[in-house]
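To keep things clear, I will list the structure first and then write my remarks on it.
The values are calculated or read from the model by the stated rules, or taken from the named source; none is laboratory data. Since we're looking at a predicted model, the values are computed, not measured. Backbone-built Cβ (ideal geometry, glycine too); neighbour counts: all protein chains shown. Accessible surface is based on the protein model in full, side chains and every heavy atom, while ligands, DNA and RNA are left aside. Shrake-Rupley method; radii C 1.70, N 1.55, O 1.52, S 1.80 Å.
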Amino acid sequence: MERGAAAAAPSGDNEAELSAKWVRIRTKLQSEVGDVEYRTWLKQMVLAGVEDGEVTVLLPTRFLRDWVRSHYGDRILKLWQAEEAAVRGVSIRVGTGREAGFAESVALPSDAPPASAPEIASTSRSYRLGDDLAAPLDPRFSFDSFVVGKPNEFAYACARRVAERPASQGFNPLFLYGGVGLGKTHLMHAIGLELTRAGAAHPAVAYMSAEKFMYRFIAALRAQSTLEFKDQLRSVDVLMIDDLQFLVGKDNTQEEFFHTFNALIDGGKQIVVSADKSPSEISGLGDRLRTRLGCGMVADLHATTFELRISILEAKATRANADVPPKVLEFLAHKITSNVRELEGALNRLIAHANLFNRPITLETASEVLHDVLKAHDKRVTIDEIQRRVAEHYNMRIADMTGARRARSVARPRQVAMYLAKQLTARSLPDIGKRFGNRDHTTVMHAVSKVTELINSDAAFAEDVELLRKMLES
Ligand code: ADP
Ligand code: MG
């Protein structure tokens, strides 16, 4: 026997016995926790081996490892001990046992297809292609924890609707798109969580990134198991593919996705797709796929507004049971505008810091603790640059930034430029006025409040301004 991973059983067990035990344990677990929970958390477990009374079980991500460790660790140990009294501990680690199995890499050597996994592994079902087809759903990404505001209310409503009644007319496929960190993945997980909630009808839900889809597909090709792969994909009730833009230029994978897509839609199954752009804006997508993607509901997540950022921060602070003064929340919402992930990260850091040093959170500690984050956001931007970029963006002459023309087509962009100058530079209102053709500071003030008002009432306009801000800050 020279199969490294599973060697050294405690009491001279051979691998076949060991894996039979493992299968029994898994089956017991599954009947104890129920199908959904099992699929979500435990299905991807791989037995790596038993040595000196220590069982090693692998899970593919840290998140899964921690979850399984804290929620099922004791139970798994008990079950092992029932099978094998000599077992003293179960160690749950990150790993895939991949060494031998299903490499998530295009570089998978073609002479090492999944089928050639060691014996012990082939009985542990996780090795089989697509057994772990779907990535686990993160329980934090629920509808409950999603904060709804103007920029995302439409996408949220569509996601809710799909979770309530999958595959209903007009909502299939659901195409969610928007910039980084605006909640696409969160909403997809929320749909999955809602559908697989205890008491729900338990449809088979598969969520995966487009990248993973591609790796799986390529690996299946190499292992000559594309049929199995197709069958598995086509057996789900709800297929969610995240970050579809990854398939740009990957023609074969796109083709495969297109066929899967059609088979599922024709079979009355629900598809949810996310991307960073709308179907028509993703260049490099085949026309047929593009057309079909646009056939159901297309919903975009707009850039966050100040209000939404505040609501999100409030919700997260409450959830974390942290006492964060409104002034600090405003400060963060004002300074970190790019995406919710960063905003969340900054808040978490503040809270962690406050807990660690047992100090209240104040404006001072905030700017101290977040020094580096804020500095990145505070990049020096000049008024010249702002004027130039904004003029370019709205297709107007730069001379009109300082000129006297009052036509709306130039006055509005000028106001946007003033607003950005106020936001992104340390210049005073009179200073800014001077740079815009010697205008009065009250004109700048008016511009700032007008633009603020428009940002709050017009999502498309808000996105425009946000885009400009990002260009200037990058
Ligand atoms: P995307 O997939 O669009 O890049 P994510 O869904 O991964 O973005 O969101 C990034 C982070 O921000 C996640 O932690 C998510 O929970 C959080 N987030 C985004 N939008 C919201 C929201 N409206 N309410 C609460 N959390 C949000
Ligand atoms: Mg995402």
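Which entries of LYS184/LYS269; LYS184/LYS316; LYS150/LYS250 show an alpha-carbon separation above 29 angstrom in the structure shown?
Table pairs above 29 Å Cα-Cα are LYS150/LYS250.
Between HIS202 and ASP251, what length comes free when the chain is fully extended (0.36 nm per residue of separation minus the Cα-Cα distance, one decimal in nm)?
14.3 nm
Please list, in order along the stretch 86-94, the HN-Hα scalar couplings obtained from phi with the Karplus expression 6.51 cos²θ - 1.76 cosθ + 1.60 (θ = phi - 60°), rounded to whole Hz, x for Gly and Pro.
For the stretch 86-94, the Karplus curve yields 6, 6, 10, x, 10, 9, 9, 10, 7 Hz.
Please name which of LEU308, ASN355, HIS393 has its Cα lying farthest along the dipole of the chain towards the positive end, using unit charges on Cβ (Lys, Arg +1; Asp, Glu -1) and the Cα centre as origin.
Result: HIS393, furthest along the dipole toward the positive end.
Among PRO325, ILE336, ALA411, whose Cα lies farthest out toward the positive end of the dipole of the stretch 310-424, if unit charges sit on the beta carbon of Lys, Arg (+1) and Asp, Glu (-1)?
My answer, from the dipole projection, is ALA411.
With a Förster radius of 41 Å, plug the Cβ-Cβ distance of ALA320 and ASN438 into 1/(1 + (r/R0)^6) and report the FRET value to the nearest 0.05.
0.25
Carbon and sulfur atoms: what percent of the 1.4 Å accessible area of the stretch 373-474 do they account for?
51 percent
Cross-link candidates for LYS434: which lysines have Cα within less than 21 Å, leaving aside residues fewer than 8 places away along the same chain?
LYS422, LYS450
May I ask for the distance between the Cα centers of the stretch 217-251 and the stretch 293-351, given as a whole number of Å?
Distance between centres, Cα-based: 34 Å.
Note the full-extension length gain between PHE154 and GLU364 as 0.36 nm times their separation in residues minus their Cα-Cα distance, in nm to one decimal.
71.9 nm
Keeping all protein chains in place, calculate the accessible area per residue for the chain (probe 1.4 angstrom), answer in Å².
47 Å²
Given charges of +1 on the Cβ of Lys and Arg and -1 on the Cβ of Asp and Glu, with all other atoms neutral, how large is the dipole of the chain about its Cα centre, in debye to the nearest 20?
Value, rounded to 20: 1680 debye.
If you filter the stretch 302-400 for trypsin sites (Lys or Arg not before Pro), then keep DSSP loop positions with at most 10 other Cβ within 10 Å, what is left?
LYS379, ARG380, ARG397
For the pair ASP372 and SER168, what calculated FRET efficiency results from E = 1/(1 + (r/R0)^6), where r is the Cβ-Cβ distance and R0 = 51 Å, to the nearest 0.05?
Approximately 0.60, to the nearest 0.05.
Does anyone have the angle between helix 441-457 and the longest principal axis of the chain? Alpha-carbon axes, 0 to 90°, nearest 10?
Helix 441-457 and the main axis of the chain meet at about 30 degrees.
For the chain, state the average projected area of the convex hull of the C-alpha atoms over all orientations, rounded to one decimal in nm².
26.4 nm²
Residues of the stretch 163-206 with backbone nitrogen within less than 19 Å of a virtual label 7 Å along the Cα-to-Cβ line of GLU473, please, listed as ranges.
Under 19 Å, as judged by backbone N against the label point of GLU473, lie 178-184 of the stretch 163-206.
Fully extended, how many nm does the chain gain between PHE306 and SER409 (0.36 nm per residue separation, minus their Cα-Cα distance)?
Taking PHE306 through SER409 to full extension adds about 34.5 nm, to one decimal.
Using only alpha-carbon positions, what ratio does the radius of gyration of the stretch 12-100 give when scaled by 2.2 N^0.38 Å?
In units of the 2.2 N^0.38 Å rule of thumb, it is 1.00.
Could you sort 228-234, 189-195, 262-268 so that the peptide with the highest average Cβ count within 10 Å comes first and the rest follow in order?
Most protected by this proxy first, the peptides run 189-195, 228-234, 262-268.
When you count, for each residue, the other Cβ atoms within 10 Å and take the mean per peptide, how do 17-27, 209-219 rank with the highest first?
209-219, 17-27
May I ask which residue of ASN172, SER142, ASN438 lies farthest towards the positive end of the charge dipole of the chain, with charges of +1 (Lys, Arg) and -1 (Asp, Glu) on Cβ and the Cα centre as origin?
Most positive-ward Cα: ASN438.
Enter the angle in degrees (range 0 to 90, nearest 10) between the Cα long axis of helix 383-393 and the first principal axis of the Cα atoms of the chain, meaning the one along which they spread out most.
So the inclination is approximately 70 degrees.
Taking Cα atoms, how many degrees apart are the long axis of helix 210-222 and the longest axis of the chain, rounded to 10 and kept between 0 and 90?
Once rounded, the angle reads 40 degrees.
About its Cα centre, what dipole magnitude does the stretch 306-377 give when the only charges are +1 on Lys and Arg Cβ and -1 on Asp and Glu Cβ, stated in debye to the nearest 20?
The dipole of the stretch 306-377 has a size of about 100 debye.
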